[in-house]
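Following: one structure in C-alpha cells, then a few remarks.
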Amino acid sequence: MKNKLFSTVRSVTAIAAIAIVAVSCKKDAAVPESSASSKSNLTTNAVPSSATYTINGRYANPALGPAGYGTIYVDLANGDQDSVATFAGVDVHFTSTNNSVIQVPSGSTLKTLYNTSKTFASLKISDFTGSAVTSVGRNTSTTSTPNGWYNYAVPGGVTPIAGFFILVTPASGSPYAIQVTAAAGQGTATSNRGVYTIKTGVINNL
C-alpha cells in the first residue's frame, strides 16, 4: 500500500514538473515575437503612404514669355488645384513657362535632394541637408548633381530626373515630400501646356 502511494506521488510530481517546463517554454517563445515587433517599429517607413496626382498646366504661347502660363496652386493633401489661390490648403505653386517651376507659399521652405539610392518611402527630413531654395525647375547644373527636377532636350522635351526629391515644409502643419515621376506636353507650337505626374506624401520622421 505504501509503495502504491509513493508511486502515485511520484507520478503526480512528474506531471507537475512537465507542466512547469511547458509553461516556461511558452514564456520563452514569446520573447522573439516581442523582439521582432520592436525591430519592425525601428524600420517604419519615413513616408508611410503616398499619393499620385496629375498637375494640369495652363495653355499659353511660349513665345510670349512665362507670364502667360500663370500659376497652378496645389493642395498636396488631396490633389486639389486651381489657377487662382483663393482656396485653403495650398502647399505648392507650379508657375513660369509650361508651369514647370515649383515654388511654395510665403512662410514655407523648399529644399531638394538628389540621391539615386533613396526610395520615396525611405526619405527623411534629415536627408535634405542643403540650403533652402526659392524655386525648383529646369536643371542648369554643370556638375553631376542636378539643381532642378528636370532636363530639357529636343525632341524629348521635359524629362524628370530620377532620384531627385523635393521637401516642402510649411510654417505650420505637416511637411511633404514630392517627386515628379512623369512629364508630357500637350497642344501646338503656339499654344501648349505641361502635364506632370507627382508622387507626394507626409514625412513621418520617426
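For the stretch 105-122, which positions are within 19 Å of Tyr150 (Cβ to Cβ), surrounded by 16 or more Cβ atoms within 10 Å (Cβ to Cβ) and out of contact with any Asp or Glu (no Cβ under 9 Å at 6 or more places or on another chain)? Those that are within 19 Å of Tyr150 (Cβ to Cβ), surrounded by 16 or more Cβ atoms within 10 Å (Cβ to Cβ) and out of contact with any Asp or Glu (no Cβ under 9 Å at 6 or more places or on another chain): Leu110, Lys111, Thr112, Tyr114, Phe120.
For residues that are part of a loop (DSSP other than H, G, I, E, B) and touching a strand residue (DSSP E or B) at 6+ places or on another chain (Cβ under 6 Å), scanning just the stretch 65-82, find the one that is nearest to Arg193 (Cα to Cα). If you could, list the steps in order and put the result at the bottom.
Within the stretch 65-82, the subset part of a loop (DSSP other than H, G, I, E, B) is 65, 70, 75-80.
Now drop any that are not touching a strand residue (DSSP E or B) at 6+ places or on another chain (Cβ under 6 Å), which leaves 76, 79.
Working: Leu76: 21, Gly79: 19 Å.
The qualifying residue nearest to Arg193 (Cα to Cα) is Gly79.
Scan the stretch 33-42 and tell me whether some residue there is in contact with a Gly (Cβ under 9 Å, 6 or more places away or on another chain), open to solvent by 50 Å² or more (accessible area, probe 1.4 Å) and modelled with pLDDT under 95.
Of all residues in the stretch 33-42, those in contact with a Gly (Cβ under 9 Å, 6 or more places away or on another chain) come to none.
Among the residues of the stretch 33-42, not one is in contact with a Gly (Cβ under 9 Å, 6 or more places away or on another chain), open to solvent by 50 Å² or more (accessible area, probe 1.4 Å) and modelled with pLDDT under 95, which makes the answer no.
Determine which member of the set Gly107, Gly173, Gly194 is modelled with pLDDT of 95 or more and on the phi > 0 side of the Ramachandran plot. It is Gly107. Just one of the listed residues (Ala182, Ala189) is under 28 Å from Ala60 (Cα atoms), among the small types (Gly, Ala, Ser) and exposed (fewer than 14 other Cβ atoms within 10 Å of the Cβ), namely Ala189.
When the residues of the stretch 155-170 are filtered to those that are over 24 Å from Phe128 (Cα atoms) and either hydrophobic (A, V, I, L, M, F, W, C) or in a strand (DSSP E or B) (or both), which remaining residue is modelled with the lowest pLDDT? Step through it out loud before you land on a result.
Step one: of the stretch 155-170, the residues over 24 Å from Phe128 (Cα atoms) are 155-158.
Narrowing the set further to residues that are either hydrophobic (A, V, I, L, M, F, W, C) or in a strand (DSSP E or B) (or both) leaves 157-158.
Values: Gly157: 86, Val158: 93.
Among residues in the stretch 155-170 that are over 24 Å from Phe128 (Cα atoms) and either hydrophobic (A, V, I, L, M, F, W, C) or in a strand (DSSP E or B) (or both), the one modelled with the lowest pLDDT is Gly157.
Within the stretch 137-160, identify whether any single residue is touching a residue at least 40 places away in the same chain (Cβ under 8 Å), open to solvent by 50 Å² or more (accessible area, probe 1.4 Å) and over 12 Å from the mean Cα position of the chain (by Cα), and answer yes or no. No; the residues of the stretch 137-160 include none that is touching a residue at least 40 places away in the same chain (Cβ under 8 Å), open to solvent by 50 Å² or more (accessible area, probe 1.4 Å) and over 12 Å from the mean Cα position of the chain (by Cα).
Could you tell me whether the stretch 81-96 includes any residue that is acidic (Asp, Glu), open to solvent by 50 Å² or more (accessible area, probe 1.4 Å) and either under 30 Å from Thr188 (Cβ atoms) or modelled with pLDDT of 95 or more (or both)?
Taking the stretch 81-96 first, the residues acidic (Asp, Glu) are 82, 91.
With the extra rule that they be open to solvent by 50 Å² or more (accessible area, probe 1.4 Å), the set shrinks to 82.
Subsequent filtering for residues that are either under 30 Å from Thr188 (Cβ atoms) or modelled with pLDDT of 95 or more (or both) retains 82.
Yes, the stretch 81-96 contains a residue that is acidic (Asp, Glu), open to solvent by 50 Å² or more (accessible area, probe 1.4 Å) and either under 30 Å from Thr188 (Cβ atoms) or modelled with pLDDT of 95 or more (or both).
Residues of the stretch 43-71 that are touching a residue at least 60 places away in the same chain (Cβ under 8 Å) and polar (S, T, N, Q): Thr44, Asn45, Ser49, Ser50, Thr52, Thr54, Asn56, Asn61. Looking at the structure I just gave you, is Tyr152 modelled with pLDDT under 95 and either touching a Lys or Arg at 6+ places or on another chain (Cβ under 8 Å) or more than 18 Å from Val195 (Cα to Cα) (or both)? Answer is yes for this residue.
Considering only the stretch 123-136, state which residues are under 14 Å from the mean Cα position of the chain (by Cα) and open to solvent by less than 60 Å² (accessible area, probe 1.4 Å).
Keep residues of the stretch 123-136 that are under 14 Å from the mean Cα position of the chain (by Cα), which gives 123-128.
Across the stretch 123-136, the qualifying residues are Leu123, Asp127, Phe128.
The values are calculated or read from the model by the stated rules, or taken from the named source; none is laboratory data. Since we're looking at a predicted model, the values are computed, not measured. As a convention, Cβ positions derive from the backbone with ideal geometry for all residues, glycine included, and neighbour counts pool all protein chains shown. Only protein heavy atoms, including side chains, enter the accessible area calculation; ligands, DNA and RNA are left aside. Shrake-Rupley method; radii C 1.70, N 1.55, O 1.52, S 1.80 Å.
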